[in-house]
Ligand code: BG6
């Protein structure tokens, strides 16, 4: 069913995120009939483009980012008509009158101001929207991560945006929360009896969260070199995944019920010690057989920014005491692959005797991408008369086979949630700030450390020190089966 009539105003409408993610997602929702006929998408940027120029540009740039088989000439033609562009210097209040003109007649509709621009502009843009009289009762503002670069700047931005928008109007997006497998984590944990009684330190040995990318930083070097992997991925995406794995059962999926529980996890994170963190930076190498340049060559200058991080994280509460969470993420690794691995403890005693088959412990693997699915590793008897020959095997649920539908992109779900007014899958202010509180000491330690990130070859699985980080504890990183 269609959502309410909406004006999407995208600040940074000619940027990478708009072309790669936002416009494809809106097109796909439109194609499925979810946007009302009068819904408008207004791009705002410094580019001097007419509406028609912008439509042509979107046609040229966005089609390549549509999932295979989803382009439909009629649906695309209709979508194209929804697009507008306004040239705007966002710091110039007077210029907002131009934006007001295109939004005319839309005062009673949902207005979603999507700020896909530098975080330092979130405050000034919000203030100008307010002073230009563009913020209505039904307006919402969407903030892209990372919110700030540390706790103080995050607080400042939250204060500035909070001065003109109510917290319930602020949607801090973390697109990992919109991924199908991530939402499925809630269903798996809380719609099955099987897992929850075992979901604790007595039965779980440790948890691994890996988000590996094969791409380099490409044209985003300007942003990325200031951010680095810790700010770009760990402070938000990986910690959010950790929260969903570790949180107590909320009473409902209401936004605050879920976010209250995530916040408690963030507040229980143990500060990391110097031996708990490894940072790396890729050198030249080969990914899938193709030679690629190293990070600083791509950047065109020296840099101590990390493109890889591995961490050992503790959660100091009853449920998780003594259960390490190992996190790692990096660019230019051997493949694109993201997963959450819950490694159970071995059985306390083998009835098959010391000479019997070696038993491997249960493992639950949630694959985020590619090939979304869930795999449960267990022991089973090998058929045959030769005694109890036990062998590891997997129950394997592959979403694309079980459900013969296309897996929607995270932004499709999240953009519609914004229009519906459902912030469950968005970060609340206190969560973002708690995540910074935990992240800051790591940044401070790095700033004081002259050694810099450890090199790793592009196309490898990261620096050797990241392997040592987990092997030191007698464990290994999970390899794809
Ligand atoms: C973004 C980061 O938030 O997430 C990027 O800024 C990263 O650096 C991207 O590549 C990864 O998202 P996905 O959905 O491709 O795993």
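Each reported figure results from applying straightforward, stated rules to the coordinates on display, with no laboratory input. Values in this document were obtained by computation on a predicted structure and should not be read as measured data. Cβ coordinates were reconstructed from backbone atoms using ideal geometry, including for glycine residues, and neighbour counts include every protein chain displayed.
Applying 1/(1 + (r/R0)^6) with r as the Cβ-Cβ distance of residue 189 and residue 168 and R0 = 30 angstrom yields a FRET efficiency of 0.70. Note on 328, 109, 375: ascending count of other Cβ atoms within 10 Å places them as 375, 109, 328, the fewest first. Helix 122-131 and the longest principal axis of the Cα set of the chain meet at an angle near 30°. Each Cα pair under 8 Å and six or more residues apart adds its sequence gap; the mean of these over the residue count of the chain is a relative contact order of 17 percent.
Computed from Cα atoms, the angle from the helix 180-190 axis to the main principal axis of the chain rounds to 60 degrees.
Site pair residue 50 and residue 130 shows an inter-label distance of 3.7 nm when each label is modelled 7 Å from Cα along Cα→Cβ. Computed from Cα positions, the angle between helix 51-62 and the longest principal axis of the chain comes to roughly 20 degrees. Estimated from helices alone, the mean residue ellipticity of the chain at 222 nm is -9000 deg cm²/dmol (sum of -39500 (n - 2.57) over DSSP H runs with n ≥ 4, per residue). Length available on full extension from residue 66 to residue 203: 0.36 nm per residue minus the Cα-Cα distance, which gives 45.0 nm. Return the whole-Å distance between the Cα centroid of the stretch 30-62 and the Cα centroid of the stretch 134-213. Between the Cα centres of the stretch 30-62 and the stretch 134-213 lies a distance of 28 Å. Of all DSSP-defined beta bridges confined to the chain, some 55% are antiparallel rather than parallel.
FRET efficiency for the pair residue 371 and residue 467, taken as 1/(1 + (r/R0)^6) with r the Cβ-Cβ distance and R0 = 22 Å, rounds to 0.35.
Looking at the square roots a ≥ b ≥ c of the eigenvalues of the Cα gyration tensor of the stretch 90-185, which shape do they give, rounded for a/c under 1.5, prolate if a/b is larger than b/c, or oblate? Since a/c reaches 1.5 but b/c is at least a/b, the shape of the stretch 90-185 is classed as oblate. Modelled this way, with points 7 Å down the Cα-to-C-beta line, the labels at residue 87 and residue 286 are 4.9 nm from one another. Here each label is just a point 7 Å from Cα along the line to Cβ, and for residue 180 and residue 351 those points are 4.0 nm apart. If you bin the C-alpha pair distances of the chain every 10 Å from 0, what whole percents do you get? Once binned at 10 Å, the Cα pair distances of the chain give 4, 18, 28, 26, 16, 6, 2, 1, 0.
In terms of packing, defined here as the mean over residues of other Cβ atoms within 10 angstrom, the peptides 81-90, 301-310, 438-447 line up highest first as 301-310, 81-90, 438-447.
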